[in-house]
Amino acid sequence: MANFPVHCRPLAYRTLAERAAKLDSPDDLFRAAWALALHEHPDVDLAAGETAIENLAIAVNRRVRSRDPEARLAHLHDVLFEVYGLQGNADDYYDPANSYLCEVLRTRRGIPISLVLIYRCVAAKCGLAVHGINSPGHFLAEVDLRPGPAASRLFVDPFFGGCVLSRAEAVERIAAATGQRGAPSESFFDRASGRQWLLRMLTNLQAVFAAADRQRDVFAMQELQTLV
């Protein structure tokens with residue numbers, strides 16, 4: 001164990017080892033997911049990333065004049081998707097940078113799971129409860145507008161500019177990504193735990209590196225996966 005990790009940059013391994021035990025809150029998950037980028041970008045500053053999230057939330061909160069959650073959500077979407085320009089990287093979907101939060105915040109491009117995490121973190125600082133939906137093929141956000149017996153939930157796809165989806169539209173989005181038609185399993189709409197979220201990010205990176213014949217990086221992500 002003294003020589004472990006073998007393939008992963010030790011800084012990334014040590015950082016994730018420190019953070020992986022605490023993944024419950026959006027901020028905790030953000031900090032753990034930030035560690036993944038340290039394998040290729042050892043100099044990225046977590047504090048700068050957290051400041052970027054905070055500044056986006058401040059921009060939203062400055063606009064809010066109503067307690068109505070729909071109004072708050074509308075301001076969130078305007079800031080994130082219209083002003084800031086957060087969206088999916090459809091032109092280079094399999095770039096590993098799409099999974100690194102530091103790069104997603106820099107380029108404002110990513111894949112569904114990294115975009116949902118940024119969306120969730122900003123939303124939480126604006127008083128909105130957002131969950132990751134661990135749907136196959138295409139990770140989505142679920143906004144819990146009114147928790148409780150009279151719950152009002154909707155699905156959001158940050159990859160496509162924050163479009164709001166009905167459940168039926170979410171099913172279609174998942175079917176398009178997976179090629180699976182027919183009645184969806186209820187598990188398609190399961191909320192992702194922090195551990196599941198992080199594992200899926202690492203699995204995505206393994207697939208990207210494998211496709212690029214970057215075997216050492218595949219092994220590095222597998223080493224990180226042992227920590228989660």
Please enumerate the residues belonging to the stretch 1-25 that are hydrophobic (A, V, I, L, M, F, W, C) and over 11 Å from Leu38 (Cβ atoms). Met1, Ala2, Phe4, Val6, Ala17, Ala20, Ala21, Leu23
Extreme residue, surrounded by the fewest Cβ atoms within 10 Å (Cβ to Cβ), among residues of the stretch 24-39 that are small (Gly, Ala, Ser) and under 12 Å from the mean Cα position of the chain (by Cα): Ala32
So is Asp92 more than 28 Å from Ala129 (Cβ to Cβ) and at pLDDT 95 or above or not? yes
Looking at the stretch 60-100, which of the residues that are in contact with a helix residue (DSSP H, G or I) (Cβ under 6 Å, 6 or more places away or on another chain) and β-branched (Val, Ile, Thr) is farthest from Phe139 (Cα to Cα)? Val64
Pick from the stretch 111-141 the residues that are at pLDDT 95 or above, in a loop (DSSP other than H, G, I, E, B) and out of contact with any Lys or Arg (no Cβ under 8 Å at 6 or more places or on another chain): which of them is nearest to Glu54 (Cα to Cα)? Lys125
Determine if the stretch 90-113 includes at least one residue that is farther than 18 Å from Ala37 by Cα and either surrounded by 14 or more Cβ atoms within 10 Å (Cβ to Cβ) or of a type outside the set (A, V, I, L, M, F, W, C) (or both). yes
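Per-residue answers, yes or no, for (1) closer than 20 Å to Val116 by Cα; (2) touching a Phe, Trp or Tyr at 6+ places or on another chain (Cβ under 9 Å):
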position	(1), (2)
Ala170	yes, yes
Phe188	yes, no
Ser193	yes, no
Leu198	yes, no
Thr203	yes, no
Val208	yes, yes
Asp213	no, no
Leu224	no, yes
List, please: which pairs have Cβ atoms under 7 Å, are six or more places apart or on different chains, and start with a residue in the stretch 1-23 that is within 21 Å of Trp197 (Cβ to Cβ) and end with one that is among the polar types (S, T, N, Q) and in a loop (DSSP other than H, G, I, E, B)? none
Result of the Cβ filter at 9 Å on the stretch 168-192, keeping first residues that are within 18 Å of Ala90 (Cβ to Cβ) and partners that are at pLDDT below 85 and aromatic (Phe, Trp, Tyr), at least 6 apart or interchain, is Ile174/Phe188
Checking the conditions here, which among Tyr119, Tyr93, Tyr100 is among the hydroxyl-bearing types (Ser, Thr, Tyr) and in contact (Cβ under 8 Å) with a residue 60 or more places away in the chain? Tyr100
Among the candidates Met201, Met221, which residue alone is touching a helix residue (DSSP H, G or I) at 6+ places or on another chain (Cβ under 6 Å), touching a residue at least 12 places away in the same chain (Cβ under 8 Å), within 22 Å of Phe155 (Cβ to Cβ) and hydrophobic (A, V, I, L, M, F, W, C)? Met201
Might you let me know whether the stretch 68-80 holds any residue that is surrounded by fewer than 17 Cβ atoms within 10 Å (Cβ to Cβ) and of a type in the set (Lys, Arg)? no
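The values are calculated or read from the model by the stated rules, or taken from the named source; none is laboratory data. None of the values given here were measured: they were computed from a predicted structure. Every residue, glycine among them, receives a Cβ derived from its backbone with ideal geometry; neighbour counts consider all protein chains shown.
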